[in-house]
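Quick notes on the structure that follows.
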Amino acid sequence: MRHLVVVFLILLLGTPSALAQTAGAAPTDPALIEKIRKSNAECLGCHTEAALKAPPREGMDLLKLKTLLVDPAAFERSNHAGMECKTCHGQTANEYPHREGLTAQVSPCGECHAQKSMRIEAQYDASIHAKHLKGKFTCQSCHDPHLYKVAAKLGAPSEIVRQDNAMCFDCHESDLKFATFGDALTPPKRRPDLDDIHEWLPNAKLHWGAVRCVECHTPVSPTKTLALSHEIVGKDKAEKNCVACHTRDTALKTRLYRHMVTEEREKLGFANSIILGDSYVIGATRNAYFDQFAVWSVLLTVAGVMGHGALRVFTAGIRRLLRKS
Ligand code: HEC
Ligand code: HEC
Ligand code: HEC
Ligand code: HEC
Ligand code: HEC
Ligand code: HEC
Ligand code: HEC
């Protein structure tokens, strides 16, 4: 009986899908790297711009292939650089003609990122997209696994803003893409213009380049381990308060700049120096000494005016005497 349990455990742990359960680090062994490169070169032999211009074989549906291209350089910068395409797409994905339903059979994020996904899924389920577009909207609707790189590893806030807003723009700036989801609603929804919706926000276009949509459309992350909550909230719950960001204690410190706000920076005097270095957020980017200087100059001015007044009252009698004589 005990042997049976052991055999069962080995079988369980030995299956490829179980091995893929945890996302390990990128490989460092040169032989393994070379093996992966070769394997991926098979797919990239067809699924790239270059291959489209010089097809490696005849009779391929080039019009369809044109919509299925992967940018190898972008993939090498992504979270999943160093992974085999086949790890997600299945061991027989290189065989052409492909089997039916190759895209539908791709591994879901949760298969390898079980822990994070469990928390994220709960937040995502409460999001406006999941609630209104159940079944149609998925993690991949936002995350292109061949492109996306986690914010903590991107570094520069401008890069984070560009990448994360591009996810939203993909649909919210394209009537065509929005319709492929909006048409599934009853009644079907047309794409509302982003600038019209955010008319109350001065210079909305500037904001799109400096802050992320998720800054205002998600609650603060309830966990330290996750950079943001995945609960995208609708217009009734979105942030409309300018002071949330335009203040010394800006909400952006726990959001966009959470990967960069370090204690040393705080000690330099420029409380939000990192924000100052990146962009000028009115109210948030002020030097503590400037602030103190401002307070003192106001106090000194008031004291000066009052002192001057007191002096005039005190000297009034003398002046009157002098005038009389
Ligand atoms: C010989 C060229 C060729 C090779 C090699 C190739 N593909 Fe394809 N692939 C195509 C073409 C052409 C299509 C367009 C649809 C079709 O003809 O099946 C396609 C379609 C796909 C699709 C979309 C399927 C669908 O119906 O939506 C995926 C996903 C895909 N390939 C992944 C891969 C991966 C991963 C590899 C490597 C493991 C790979 N392909 C290797 C030519 C190739
Ligand atoms: C981490 C998992 C993962 C890896 C690694 C991966 N893919 Fe994909 N791929 C996906 C997912 C998920 C989709 C489906 C996206 C969707 O539903 O639109 C996809 C879709 C595709 C498609 C269909 C076109 C599209 O963008 O929808 C092609 C072609 C493709 N992958 C090729 C590749 C190639 C080539 C590689 C290796 C260089 C690769 N993939 C590596 C997860 C992966
Ligand atoms: C077949 C397994 C597999 C699948 C499926 C997969 N990933 Fe990954 N993922 C990995 C591996 C391996 C890494 C590299 C881990 C590392 O470098 O630390 C990774 C890295 C990441 C990272 C960076 C991790 C970090 O903390 O820096 C994120 C974020 C991520 N993946 C998101 C996704 C999303 C979103 C999906 C679904 C669209 C997905 N992954 C699907 C295997 C997978
Ligand atoms: C509405 C768009 C959207 C959808 C849908 C979405 N995400 Fe995200 N996801 C984001 C954005 C934006 C970020 C922030 C970028 C960052 O911090 O790396 C992110 C970050 C992540 C991260 C990195 C978080 C961290 O702190 O390490 C993971 C992992 C992830 N998403 C997984 C998922 C999974 C799993 C699903 C599906 C259940 C999903 N996402 C659905 C937009 C989305
Ligand atoms: C400064 C905070 C802020 C930012 C940044 C922001 N939004 Fe909004 N958004 C709001 C508020 C507040 C509303 C509700 C407006 C109202 O009801 O008048 C809203 C409304 C919306 C709506 C509702 C449309 C409808 O159906 O009426 C959508 C969609 C939307 N935003 C998408 C986005 C996208 C995409 C981005 C990123 C490009 C973004 N938002 C950036 C605060 C913001
Ligand atoms: C794949 C397409 C797609 C992507 C990507 C996408 N959205 Fe949406 N979004 C939609 C559609 C379709 C609706 C309409 C749902 C509804 O109103 O019922 C919607 C609705 C919304 C709403 C709700 C408006 C309201 O009625 O209150 C907000 C807010 C929103 N999206 C923000 C975002 C943000 C922020 C991102 C990026 C992190 C994003 N979306 C990414 C397609 C998308
Ligand atoms: C989610 C955070 C956030 C919210 C909420 C927000 N802002 Fe901003 N705002 C920024 C950031 C970041 C910049 C910096 C842009 C830059 O110069 O790089 C900015 C820039 C500006 C500018 C332009 C400054 C310049 O250099 O021209 C004005 C004006 C402004 N905001 C006013 C407002 C008003 C009014 C509101 C409320 C209706 C508001 N903001 C809400 C983050 C925010």
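The values are calculated or read from the model by the stated rules, or taken from the named source; none is laboratory data. Predicted, not measured: the structure shown is a model, and the values here were computed from it. Glycine also receives a Cβ, built like all others from the backbone with ideal geometry; neighbour counts cover every protein chain displayed.
Listed conditions (1) farther than 24 Å from Asp195 by Cβ; (2) under 14 Å from the mean Cα position of the chain (by Cα); (3) within 13 Å of ligand 6 (Cβ to nearest atom) are all met by Lys149, apart from (3). Apart from one condition, Thr67 fits all of (1) within 8 Å of ligand 2 (Cβ to nearest atom); (2) within 20 Å of Ile36 (Cβ to Cβ); (3) of a type in the set (Ser, Thr, Tyr); the exception is (2).
So which residues in segment 67-85 are out of contact with any Lys or Arg (no Cβ under 7 Å at 6 or more places or on another chain) and within 19 Å of Asp29 (Cα to Cα)?
The answer is Glu76, His80, Ala81, Gly82, Met83, Glu84, Cys85.
Residue count for segment 201-214, restricted to those that are within 6 Å of ligand 5 (Cβ to nearest atom) and either loosely packed, with under 11 Cβ neighbours inside 10 Å or closer than 13 Å to Ser158 by Cβ (or both): 2.
What about Lys237, is it surrounded by 13 or more Cβ atoms within 10 Å (Cβ to Cβ), of a type in the set (Lys, Arg) and at pLDDT 90 or above? Taking the combined requirement at face value, the residue satisfies it.
Selection of segment 34-45 for residues being closer than 17 Å to Gln91 by Cα and either in contact with a Pro (Cβ under 6 Å, 6 or more places away or on another chain) or among the acidic types (Asp, Glu) (or both) yields Glu42, Leu44, Gly45. In segment 191-211, the residue that is nearest to Lys235 (Cα to Cα) out of those that are more than 10 Å from ligand 6 (Cβ to nearest atom) and touching a residue at least 12 places away in the same chain (Cβ under 8 Å) is Trp200. Of all the listed residues (Ala184, Ala238), the sole one being outside any helix (DSSP H, G or I), more than 16 Å from ligand 2 (Cβ to nearest atom) and among the aliphatic types (A, V, I, L, M) is Ala238. If you go through segment 111-141 and keep only what is in a loop (DSSP other than H, G, I, E, B), surrounded by 16 or more Cβ atoms within 10 Å (Cβ to Cβ) and among the aliphatic types (A, V, I, L, M), you end up with just Leu133. With respect to being among the hydrophobic types (A, V, I, L, M, F, W, C), away from ligand 6 (no atom under 16 Å from the Cβ) and either loosely packed, with under 14 Cβ neighbours inside 10 Å or within 29 Å of Val211 (Cα to Cα) (or both), Ala93 falls outside the description. Restricting attention to segment 32-73, the residues that are of a type in the set (D, E, K, R), under 19 Å from Pro145 (Cα atoms) and assigned to a helix (DSSP H, G or I) total 3.
Among the residues of segment 166-176, just one is in a loop (DSSP other than H, G, I, E, B) and either within 16 Å of ligand 2 (Cβ to nearest atom) or among the polar types (S, T, N, Q) (or both), namely Ser174. Among the residues in segment 64-72, are any in contact (Cβ under 8 Å) with a residue 60 or more places away in the chain and surrounded by 12 or more Cβ atoms within 10 Å (Cβ to Cβ)? Yes - at least one qualifying residue is present in segment 64-72.
The residue pairs whose first member lies in segment 42-59 and is on the phi < 0 side of the Ramachandran plot and among the hydroxyl-bearing types (Ser, Thr, Tyr), whose second member is modelled with pLDDT of 95 or more and assigned to a loop (DSSP other than H, G, I, E, B), and whose beta carbons are closer than 7 Å, counting only pairs six or more residues apart or on different chains, are Thr48/Leu69; Thr48/Val70. Does Ala179 count as in a helix (DSSP H, G or I), over 19 Å from the mean Cα position of the chain (by Cα) and either more than 15 Å from ligand 3 (Cβ to nearest atom) or among the aromatic types (Phe, Trp, Tyr) (or both)? Yes, satisfied. Would you check if there is a residue in segment 144-165 being under 19 Å from Lys235 (Cα atoms), more than 12 Å from ligand 4 (Cβ to nearest atom), modelled with pLDDT of 95 or more and in a loop (DSSP other than H, G, I, E, B)? No, segment 144-165 contains no residue that is under 19 Å from Lys235 (Cα atoms), more than 12 Å from ligand 4 (Cβ to nearest atom), modelled with pLDDT of 95 or more and in a loop (DSSP other than H, G, I, E, B).
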